[in-house]
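A.B. asks: Submitted below is the structure of interest, expressed as structure tokens.
Laboratory data are not the source of any read-out in this text; all were calculated from the coordinates shown. Model, not experiment: these values are computed from the prediction. With ideal geometry, Cβ positions are generated from the backbone for all residues, glycine too; neighbour counts draw on all protein chains shown.
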């Protein structure tokens with residue numbers, strides 16, 4: 001009897017570093033679908049890859065096997081893999097996901113034609129409201145993918161990816177390109193209410209049907225992602241290369257933690273959850289950011305600030321949530337100002353464009369804009385903690401007060 005299998009679209013950092021490990025521990029053969037031919041060739045040749053968990057002073061290495069690899073353009077092989085899979089996952093990133101949905105649509109139709117049961121598809125993406133967006137992309141890809149068809153044959157399951165996996169260190173030429181290094185954190189909250197039938201039994205799954213899954217997704221975006229990015233932008237202002245250097249500065253840690261607490265307070269209020277576990281989560285995150293062994297860079301975490309400043313993303317989304325729950329967001333606004341400063345450091349003149357966006361929209365109140373622009377101006381001379389606190393503490397800036 002052949003081993004049960006799991007299909008993963010995306011053999012990148014999250015695919016090999018997290019989802020592949022979870023499925024392997026559940027006793028499943030892991031089948032990767034990707035477009036990187038060199039990576040696929042090595043995975044297929046070895047039938048395995050090396051997975052290394054790094055922490056302060058330790059490196060825990062293990063082999064993930066058995067593994068197969070298929071190019072996404074090989075429609076027949078992808079269709080066969082999906083037809084036999086016990087479970088599947090996507091971890092390709094928001095930009096590639098629409099194209100991957102076309103591949104998934106064709107493969108799922110083949111699976112249905114073979115009389116296979118509904119497929120649980122984990123959406124391991126850093127994408128808010130992923131099930132709705134994936135549903136729309138599936139429907140656009142194939143007229144047969146109606147809402148009724150999807151509801152009957154496919155479960156689109158949200159997840160919250162919390163594990164930090166930096167870009168591979170290219171200076172380690174002795175390592176194979178398939179080798180992946182990750183942090184010890186290994187919990188995967190998922191929306192079990194969306195699943196069809198029995199889910200694969202995996203130790204890393206966090207299943208809490210009594211808590212709305214939006215609690216986990218908002219916690220990830222507005223606490224974890226916001227704080228992580230803010231650490232990068234403040235670190236860049238201080239001239240730091242690595243995240244561990246930035247969070248090691250007491251002034252950076254103070255501002256990042258304060259912003260995380262603002263977001264967490266709003267998340268707790270929105271979903272009626274206690275603050276205690278959220279505070280523990282924040283302090284655990286700060287500890288993890290200080291993991292020097294990860295060698296996670298300010299440049300990687302801070303990249304694409306324009307996207308991170310979009311209305312529904314980590315900064316402005318957190319500000320909106322705080323406003324809705326009558327929670328102050330003055331430290332989150334400091335992070336927003338630091339992000340604008342980062343844009344200006346790397347692309348002179350770009351922050352002027354963003355200023356115009358804020359002036360012409362209702363994304364920020366007048367008082368919030370005044371705080372952000374005053375802090376942005378202060379950042380031009382570096383990160384002066386006392387100066388930034390004086391701006392934050394100006395009473396008229398607290399636009400949340402009725």
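A.B. asks: Taking the chain as the region of interest, what is the percent of Cα-Cα pairs per 20 angstrom bin, listed from the shortest bin to the one with the maximum distance?
C.D. replies: Bins of 20 Å from zero give 27, 54, 19, 0 percent of pairs.
A.B. asks: Taking R0 as 45 Å, what FRET efficiency do you get between residue 286 and residue 113 from their Cβ-Cβ distance, rounded to the nearest 0.05?
C.D. replies: The calculated FRET efficiency here is 0.35.
A.B. asks: Right, something else. Ranked by Cβ crowding within 10 angstrom, fewest neighbours first, how are 233, 215, 49 ordered? Display every interim value, and only then the final one.
C.D. replies: Numbers: 233 30, 215 19, 49 24.
By the 10 Å Cβ count, ascending, the order reads 215, 49, 233.
A.B. asks: What percent of all Cα-Cα pairs in region 157-225 falls into each 10 Å bin, going from 0 up to the bin containing the maximum distance?
C.D. replies: Distribution as computed: 17, 39, 26, 15, 3 percent.
A.B. asks: How would you rank 72, 61, 350, going from fewest to most other Cβ atoms within 10 Å of each one's own Cβ?
C.D. replies: Sorted ascending by nearby Cβ count, the order is 61, 350, 72.
A.B. asks: Another question, if that's okay. Mind telling me which of 354, 230, 145 comes out most flexible in a GNM of the chain, alpha-carbon contacts under 10 Å?
C.D. replies: Per the Cα network of the chain with a 10 Å cutoff, 354 tops the list.
A.B. asks: Computed FRET efficiency, Cβ-Cβ of residue 299 and residue 58, R0 25 Å: what is it to the nearest 0.05?
C.D. replies: The computed FRET efficiency comes out at 0.45.
A.B. asks: Let me ask something else. Choose one answer from 31, 200, 100: the residue with the largest mean-square fluctuation in a GNM of the chain with alpha-carbon springs under 10 Å.
C.D. replies: 200
A.B. asks: Fewest first, what order do 9, 379, 187 take by the number of other Cβ atoms within 10 Å?
C.D. replies: 187, 379, 9
A.B. asks: Sort region 5-206 into rounded, prolate or oblate with this rule: let a ≥ b ≥ c be the square roots of the eigenvalues of the Cα gyration tensor; rounded if a/c is under 1.5, and if a/c is not under 1.5, prolate when a/b is larger than b/c, oblate otherwise.
C.D. replies: Prolate, since a/c reaches 1.5 and a/b exceeds b/c.
A.B. asks: Let me ask you something else. Using only Cα atoms, tell me the angle between helix 314-324 and the longest principal axis of the chain; keep it within 0 to 90° and round to the nearest 10.
C.D. replies: Helix 314-324 sits roughly 70 degrees off the main axis of the chain.
A.B. asks: Another question, if that's okay. How much length is gained if the chain between residue 179 and residue 146 is pulled fully straight, taking 0.36 nm per residue apart and subtracting their Cα-Cα distance, in nm to one decimal?
C.D. replies: Full extension from residue 179 to residue 146 adds 7.9 nm.
A.B. asks: Now, a different point. Mind running the shape call on region 209-353? Use the C-alpha gyration tensor, a ≥ b ≥ c as the square roots of the eigenvalues: rounded below 1.5 for a/c, prolate if a/b tops b/c, oblate otherwise.
C.D. replies: oblate
A.B. asks: In a Gaussian network model over the chain where Cα atoms closer than 10 Å are linked, find which of 90, 159, 146 has the largest mean-square fluctuation.
C.D. replies: The residue that fluctuates most here is 146.
A.B. asks: If you don't mind, another one. Roughly speaking, what is the centre-to-centre gap between region 15-36 and region 312-382 when only Cα atoms are used, to the nearest Å?
C.D. replies: Here the two parts' Cα centres lie 39 Å apart.
A.B. asks: Can you classify region 60-100 as rounded, prolate or oblate using the Cα gyration tensor, where a ≥ b ≥ c are the square roots of its eigenvalues, rounded means a/c under 1.5, and otherwise it's prolate if a/b beats b/c and oblate if not?
C.D. replies: Since a/c reaches 1.5 but b/c is at least a/b, the shape of region 60-100 is classed as oblate.
A.B. asks: Only helical DSSP H runs with n ≥ 4 go in: add -39500 (n - 2.57) per run for the chain, normalise by residue count and round the 222 nm mean residue ellipticity to 500 deg cm²/dmol.
C.D. replies: -14500 deg cm²/dmol
A.B. asks: Helix 130-141 sits at what angle to the longest principal axis of the chain, using alpha carbons and giving 0 to 90 degrees rounded to 10?
C.D. replies: 50 degrees
A.B. asks: Relative to the first principal axis of the alpha-carbon coordinates of the chain, what is the inclination of helix 275-289, with its axis defined by its Cα atoms, in degrees from 0 to 90 and to the nearest 10?
C.D. replies: The angle comes out near 80 degrees.
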